[in-house]
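A quick write-up on the structure given underneath.
The values are calculated or read from the model by the stated rules, or taken from the named source; none is laboratory data. Predicted, not measured: the structure shown is a model, and the values here were computed from it. Cβ atoms come from the backbone with ideal geometry, glycine included; neighbour counts cover every protein chain shown. Please note that ligands, DNA and RNA were not included when accessible areas were found on the heavy atoms of the full protein model with its side chains. Shrake-Rupley method; radii C 1.70, N 1.55, O 1.52, S 1.80 Å.
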Amino acid sequence: MWKRYYTPKNLSEALELKEGYGKRGRIISGGTDLVIDFSKKGVSSTEAVIDISSIPDIRNIFIQNGELYIGSAVTFSEILHSSVIREHVPVLAEAARQIAGPQIRNLATIGGNVVNASPAADAIPPLLVLNAMVSIIGAGGGSREVYLEQFLLGNRKVALEPNEIVTGFHFQIPSKNCCQYFRKVKPRQSMAIALLNLAICLCVEKARISDVRIAMGAVAPTALRIKTVENKLKNLPTDLAKNPECYQGVLSDIDPITDFRASRQYRLRVAKNLLYEAVVGLLEGSDQN
Amino acid sequence: MKLEFYVNNQQVSLEIEDNEMLVDVLRERLGLTGTKISCREGECGSCTVWLDEKPVNSCILPAAKAQGRHVITIEGLGNLESPHIVQEQIARFGATQCGYCTPGYVMAAAALLRDHPHASHDEIMQGLSGNLCRCTGYTRIIAAVESLVDSSVEIPLPKELR
């Protein structure tokens, strides 16, 4: 267990603490994953915990120049109840709704979910289909931005330097003629870790798929975009996209493991069937509009 | 470290270890043993308390997070002499057996009814989904909570937030 617990009031204080402690200091937000990790490992190398969850600068949701900004310390309850998010990015609101239960959602943050980088993290597929940028601040206050897709390096590995902190995410608000979709395959309704999760942002213009982004989680070391299928579907007339053959490509994009939650075979089959069902469902919905 | 916060509307100031969890501070240092410990990993909801009015799992909440904030425990909601209406309904419906999970359910249900006085069945299921009960099979807990929908439930608020 840690010896010192800090609750810095602003980012520069947090960065200073992080720099001072180096690897012995860990940034924490809601702590719903990390507190358990730190407690289980008995004598952990974490000497100081730096809690950034109440820093005001990273707790906002706002729109600027057609982009939606979400601070890294925004909780999943706040996402779920944000009228801005529900209106513009239902894919993220729906993912938030399906995370854990109310008590955890009141603490767990979107930044923590992404940086923790579980392959099954529910917030990541929606952010991937929104083509989100990750905003990062480093020692000395210098900031940089990186696409989420490039930020995810592997199972619980992200492209974050030791003295950096993720401050938030931002993305272009999808146009109104795009439909958004989130589905989580799970053994029970709540408090479950995804066996597989799927997010889609699909835009149809004049009976043709003008743009489509698909992301899946729990099927590879990181959540990832399903580009083979995206490329197949792009510019395709909607009636041709109802052919199951279009979705075969998902099997080459993903590489699921067998674990105690589900087998590789199960995940492969669910990935293909679910993707087909979801896209066709969205297309049929858009036919009626 | 020095922890200064409000517990059941009373200002509390005490010396704690930096790595203590809120549930341990409440139970061991303040003697508020109504809040239960079961899984200690945020899965079961037995340790549910309100932090600034929001239900949270106090077993995975470093007490340091409560600095300057308001915590409401089951003791702050009601007691034998003057039970909270959710406690009354749980008793009336026989929605408890061993009783260990009950304080957590009361805290979750009272927050749910406060925020959604007209909660639908689905909203009740969602609102109680962070709690586990191994005795009752849930039916009576849900019925007890459902019986309070559309009634005026009196929920104590921290003074500063009124």
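Looking across B:Lys54, B:Lys65, one residue alone is closer than 20 Å to A:Arg105 by Cβ, basic (Lys, Arg) and within 14 Å of the chain's Cα centre (by Cα). It is B:Lys54. For segment A:17-29, the set of residues classified as in contact with an Asp or Glu (Cβ under 7 Å, 6 or more places away or on another chain), under 17 Å from A:Pro56 (Cα atoms) and open to solvent by 20 Å² or more (accessible area, probe 1.4 Å) is empty.
You will find that of A:Asp259, A:Asp287, the residue that is part of a loop (DSSP other than H, G, I, E, B), surrounded by fewer than 18 Cβ atoms within 10 Å (Cβ to Cβ) and over 20 Å from the mean Cα position of the chain (by Cα) is A:Asp259 and no other. Identify, please: which residue in segment A:109-121 is out of contact with any Lys or Arg (no Cβ under 6 Å at 6 or more places or on another chain) and open to solvent by less than 10 Å² (accessible area, probe 1.4 Å) and is, among those, nearest to the other protein chains (Cβ to nearest Cβ)? For segment A:109-121, the residue satisfying everything is A:Thr109. Total residues in segment B:68-101 satisfying the condition of being farther than 16 Å from B:Trp50 by Cβ, surrounded by 16 or more Cβ atoms within 10 Å (Cβ to Cβ) and not hydrophobic (A, V, I, L, M, F, W, C): the figure is 3. Candidates in segment B:53-74 are the residues that are in contact with a Cys (Cβ under 9 Å, 6 or more places away or on another chain) and part of a loop (DSSP other than H, G, I, E, B); of these, the one that is nearest to the other protein chains (Cβ to nearest Cβ) is B:Ile60. The set of residues in segment A:1-11 being at pLDDT 95 or above, assigned to a loop (DSSP other than H, G, I, E, B) and of a type outside the set (D, E, K, R) consists of A:Thr7, A:Pro8, A:Asn10. The set of residues from segment A:176-224 being more than 14 Å from chain B (Cβ to nearest Cβ) and outside any strand (DSSP E or B) comprises A:Lys176, A:Asn177, A:Ala194, A:Leu195, A:Lys206, A:Ala207, A:Ala218, A:Val219, A:Ala220, A:Pro221, A:Thr222, A:Ala223. Would you mind stating whether B:Val106 is closer than 18 Å to B:Glu53 by Cα, more than 13 Å from every other protein chain (Cβ to nearest Cβ) and at pLDDT 95 or above? When the stated conditions are applied, B:Val106 passes them. Using beta carbons and a limit of 8 Å, which pairs, at least six apart or on different chains, have the first residue in segment A:12-27 and outside any helix (DSSP H, G or I) and the second one among the acidic types (Asp, Glu) and surrounded by fewer than 18 Cβ atoms within 10 Å (Cβ to Cβ)? Short answer, once both residue conditions are applied: A:Gly25/A:Glu47. Would you call A:Ser53 within 9 Å of another protein chain (Cβ to nearest Cβ), of a type outside the set (A, V, I, L, M) and open to solvent by less than 30 Å² (accessible area, probe 1.4 Å)? Judged against the criteria, A:Ser53 is a match. Give the residue that is most open to solvent (accessible area, probe 1.4 Å), with candidates limited to residues of segment B:40-52 that are touching a residue at least 60 places away in the same chain (Cβ under 8 Å), out of contact with any strand residue (DSSP E or B) (no Cβ under 8 Å at 6 or more places or on another chain) and at the interface with chain A (Cβ under 10 Å from one of its Cβ atoms). The residue in question is B:Glu43. Taken over segment B:5-36, residues that are under 12 Å from B:Thr73 (Cα atoms), touching a residue at least 12 places away in the same chain (Cβ under 8 Å) and either open to solvent by 50 Å² or more (accessible area, probe 1.4 Å) or of a type in the set (D, E, K, R) (or both) amount to 3. Is it the case, given these coordinates, that A:Ile50 is at pLDDT 95 or above and among the hydrophobic types (A, V, I, L, M, F, W, C)? For A:Ile50, the condition - at pLDDT 95 or above and among the hydrophobic types (A, V, I, L, M, F, W, C) - is met. Does any residue of segment A:228-243 turn out to be within 15 Å of A:Leu130 (Cβ to Cβ) and open to solvent by 40 Å² or more (accessible area, probe 1.4 Å)? No.
Applying the selection to segment B:21-52, what residues are touching a Phe, Trp or Tyr at 6+ places or on another chain (Cβ under 9 Å) and in a loop (DSSP other than H, G, I, E, B)? B:Lys36, B:Ser38, B:Gly45, B:Ser46, listed by residue number. Considering A:Ala14, A:Ala100, the condition of being open to solvent by less than 60 Å² (accessible area, probe 1.4 Å), of a type in the set (A, V, I, L, M, F, W, C) and in contact with a strand residue (DSSP E or B) (Cβ under 9 Å, 6 or more places away or on another chain) is satisfied by A:Ala14 alone. Against the test of being modelled with pLDDT of 95 or more, assigned to a loop (DSSP other than H, G, I, E, B) and not hydroxyl-bearing (Ser, Thr, Tyr), the options A:Ile70, A:Ile79, A:Ile99 yield a single qualifying residue, A:Ile99.
For A:Ala139, the stated conditions do not hold, so it cannot be described as closer than 23 Å to A:Val35 by Cβ and surrounded by fewer than 24 Cβ atoms within 10 Å (Cβ to Cβ). Restricting A:Gln180, A:Gln150 to those that are polar (S, T, N, Q) and free of Cβ contacts under 8 Å to residues at least 60 places away in the same chain reduces the list to A:Gln150.
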